[in-house]
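Below: one structure, written as structure tokens.
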Amino acid sequence: MPRESIWILFADGGRAFALANTEASNKFEPVSDFRFEGFHGRDADFGSDRPVHTHALSGRTAGSTSSEAGKLVRIEHRKFLRQVIEAADKRHRDGAFQHLALVAPARALGDLRVALPNALAESVILEVVADYTKMPPHEIGPKILRLLRPRPA
């Protein structure tokens, strides 16, 4: 039987980490060797910095943005989330955990679902639409533990 039975994977487009509980404890602790940081370059590196404002003769200003730049950012986020899922799948196959809970913003959660291999997808017990990647892990654990507890009928 694995040492950790439940992992909670927190992710957004550029940051991911996991908390795990041990069977002997109801506390969730950070998984020390499962922390990822994606590309945190400037928006200009993707060509998606603030829109250029142009002034017309009428005195109005108009913004100009490139939808291609936004697509590049999304592609980078998806690539990052696929790498996170590949690492989680490897740990699942190695027996590090039995069940997985996913916590991510809506768009990232959708990208995580698409990247899940079948065996790992079957282990998912909870999906939460939220962004906790910037919160300290000791504050997150109790909030998620309440969600994982079975509710009285």
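What follows draws every value from the coordinates through simple rules; no lab data is involved. Predicted, not measured: the structure shown is a model, and the values here were computed from it. Glycine gets a Cβ as well: all are built from the backbone with ideal geometry, and neighbour counts include every protein chain shown.
Points worth noting:
- Cut-off 13 Å between beta-carbons: net charge of the residues surrounding residue 137, Lys and Arg +1, Asp and Glu -1: +3
- Here r is the Cβ-Cβ distance between residue 71 and residue 135 and R0 is 22 Å; the resulting FRET efficiency, rounded to 0.05, is 0.15.
- Local charge for residue 114 was computed over the other residues whose Cβ lies under 14 Å away, with Lys and Arg +1 and Asp and Glu -1, and equals +2.
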